[in-house]
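Data first, discussion second: the structure below is written as structure tokens.
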Amino acid sequence: RILIVCFSDMLKIVRGLPLLSALRLRFPHAELAWLAEESNTPLLNRLLTLDRLIIVKEHCLDSWHGIMQLRNRLQNFAPDVTIDLQNKFGSALAAWISGAKVRIGFGGKEGQKIGKWLNNNLIIPDAEHIIEQNMQLLQPFGIYGSSISFDLFECEMDRYSAQKILDRSGLHGNFVIVCVGADLESKLWREERYAGLTKYLFEQWNLPSLVVWSNDNEHKIAERIVNNSDSSAILAPQMTLNEFAATARLSTLVLGTDSTMLHTAAAIGTRCCGLFGTVNATKNAPYGEKNRIIQKLLSTHNTKKNIKTHMDAIDVQSVCNTCDEMLAEIIEPPKMKITPKKTAKKAA
């Protein structure tokens, strides 16, 4: 029995899926379980490679009662081995109270000061990308250099929901998805630049943009982008992560900042273009050779106070040029430029 511990970070969960796939391939008869908070389980619910999903409430480790409750549930599963993907004190504690004799986690700079005392089989990663670093946690099993596969399953219900979203949005054929959200404000790109990009993609490639969001603040940002896009962009309805994944499968290109949606799109094989500020783009880029990243780090003394300056250094033309390169590999540019509806009315 193997328990993967990563419960309060959806982005880390997405990046940990290849580790689960490699375990299932190597140990087809092992019982594989994943510990996750309820809000972070949508993709995990679809995994055919997972035998058991142990769902906990948010902040379950904040009280002694919660810790003992979780201890009883985990010891009822009785894992032989735990793998701490989240790399935090809470995840290391959950692995420790499970009673597993072998508790694998990160050592070195990647390991936490307290977590290293709770995990007893520490791996010091030397891979460049974070997903490949996660895969190095499989070394105690004798698994080295395993291929990266996310094995995300698309059910018929998600496929139907995605098609319904596109039908209501009037999207048929090629289109671009723009992910405006990010987990930190410093990762956001300016709204007017997104609007300028959607205009360019529509005029030069005849590609409308579907602007997606995941919370109220992102919804407001998405609305303003669409309102300033001269009808080149369409506001997406609220959708689950599974519905987004199914919609992204049908898109031509997904563009956005370092976010769960961007990495989910990369995980299902859609071409992605990621905009990065101060985050290490080489380590955290959407995984896959066909994906691109844009990062313009500055060395000025004031960027520590205003780290969003790095995102501001990414100009619209640079993103347009990268999109041109990516789109030229898969579709032919239209023979004549398309004029957005609003612009056409003004000209008339």
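The values are calculated or read from the model by the stated rules, or taken from the named source; none is laboratory data. The shown structure was predicted, so the numbers you read here are calculated from the model rather than taken from an experiment. Here Cβ is always computed from backbone atoms with ideal geometry, including for glycine, and neighbour counts include all displayed protein chains. Ligands, DNA and RNA are excluded from the accessible area calculation, which covers all protein heavy atoms including side chains. Shrake-Rupley method; radii C 1.70, N 1.55, O 1.52, S 1.80 Å.
Of all residues in segment 238-267, those satisfying the criterion of being over 22 Å from Gly170 (Cβ atoms) and touching a Phe, Trp or Tyr at 6+ places or on another chain (Cβ under 7 Å) are Thr257, Asp258, Thr264, Ala266, Ala267.
Looking at segment 193-247, which of the residues that are of a type in the set (D, E, K, R) and without any contact (Cβ under 8 Å) to a residue 24 or more places away in the chain is nearest to Asp167 (Cα to Cα)?
That would be Glu223.
Output the number of residues of segment 1-28 satisfying the condition of being closer than 19 Å to Asn76 by Cα and without any contact (Cβ under 8 Å) to a residue 24 or more places away in the chain.
Residues flagged as closer than 19 Å to Asn76 by Cα and without any contact (Cβ under 8 Å) to a residue 24 or more places away in the chain within segment 1-28 amount to 0.
To keep it simple, each residue is scored yes or no on (1) without any contact (Cβ under 8 Å) to a residue 40 or more places away in the chain; (2) of a type in the set (S, T, N, Q).
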site: Leu53; (1), (2): yes, no
site: Asp62; (1), (2): yes, no
site: Gln69; (1), (2): yes, yes
site: Arg73; (1), (2): yes, no
site: Val81; (1), (2): no, no
site: Phe89; (1), (2): yes, no
site: Trp96; (1), (2): yes, no
site: Ala100; (1), (2): no, no
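The residues of segment 115-164 that are open to solvent by 90 Å² or more (accessible area, probe 1.4 Å), part of a helix (DSSP H, G or I), farther than 17 Å from Val102 by Cβ and not aliphatic (A, V, I, L, M), listed by number, are Glu156, Arg159, Tyr160. Just name the residue that is surrounded by the most Cβ atoms within 10 Å (Cβ to Cβ) out of those in segment 238-277 that are closer than 21 Å to Thr322 by Cα and among the charged types (D, E, K, R). Here the answer is Asp258. Being within 14 Å of Phe150 (Cβ to Cβ), modelled with pLDDT of 95 or more and not charged (D, E, K, R): is that true of Leu19 here? For Leu19, the condition - within 14 Å of Phe150 (Cβ to Cβ), modelled with pLDDT of 95 or more and not charged (D, E, K, R) - is met. Within segment 1-12, the presence of a residue that is in contact with a Leu (Cβ under 6 Å, 6 or more places away or on another chain), open to solvent by 80 Å² or more (accessible area, probe 1.4 Å) and closer than 27 Å to Tyr287 by Cα is excluded.
For segment 173-276, give me every one of the strands (runs of 3 or more DSSP E) that falls completely inside it and has 1 or more residues that are under 23 Å from Cys155 (Cβ atoms) and in contact with a Leu (Cβ under 8 Å, 6 or more places away or on another chain). Show your work before the answer.
Working: elements: 176-179, 209-212, 233-235, 253-257, 272-276.
Result: 176-179, 209-212, 253-257, 272-276.
Each residue in segment 54-71 was checked for being closer than 14 Å to Trp96 by Cβ and modelled with pLDDT under 90, and 1 of them qualify. Name the residue, out of Asn121, Asn87, that is in contact with a Phe, Trp or Tyr (Cβ under 6 Å, 6 or more places away or on another chain) and of a type outside the set (Ser, Thr, Tyr). Exactly one of Asn121, Asn87 is in contact with a Phe, Trp or Tyr (Cβ under 6 Å, 6 or more places away or on another chain) and of a type outside the set (Ser, Thr, Tyr), namely Asn87. Taken as a whole, the condition of being among the β-branched types (Val, Ile, Thr) and open to solvent by less than 10 Å² (accessible area, probe 1.4 Å) does not apply to Ile55.
Could you list, in sequence order, the residues of segment 72-88 that are modelled with pLDDT of 90 or more and either open to solvent by 80 Å² or more (accessible area, probe 1.4 Å) or among the β-branched types (Val, Ile, Thr) (or both)? Those that are modelled with pLDDT of 90 or more and either open to solvent by 80 Å² or more (accessible area, probe 1.4 Å) or among the β-branched types (Val, Ile, Thr) (or both): Asn72, Arg73, Asn76, Asp80, Val81, Thr82, Ile83.
Output the number of residues of segment 222-237 satisfying the condition of being surrounded by fewer than 19 Cβ atoms within 10 Å (Cβ to Cβ) and within 16 Å of Arg190 (Cβ to Cβ). Within segment 222-237, residues that are surrounded by fewer than 19 Cβ atoms within 10 Å (Cβ to Cβ) and within 16 Å of Arg190 (Cβ to Cβ) number 4.
In segment 10-114, counting only helices (runs of 4 or more DSSP H) that sit wholly within it, the ones holding 3 or more residues that are within 22 Å of the chain's Cα centre (by Cα) and not aromatic (Phe, Trp, Tyr) span 10-26.
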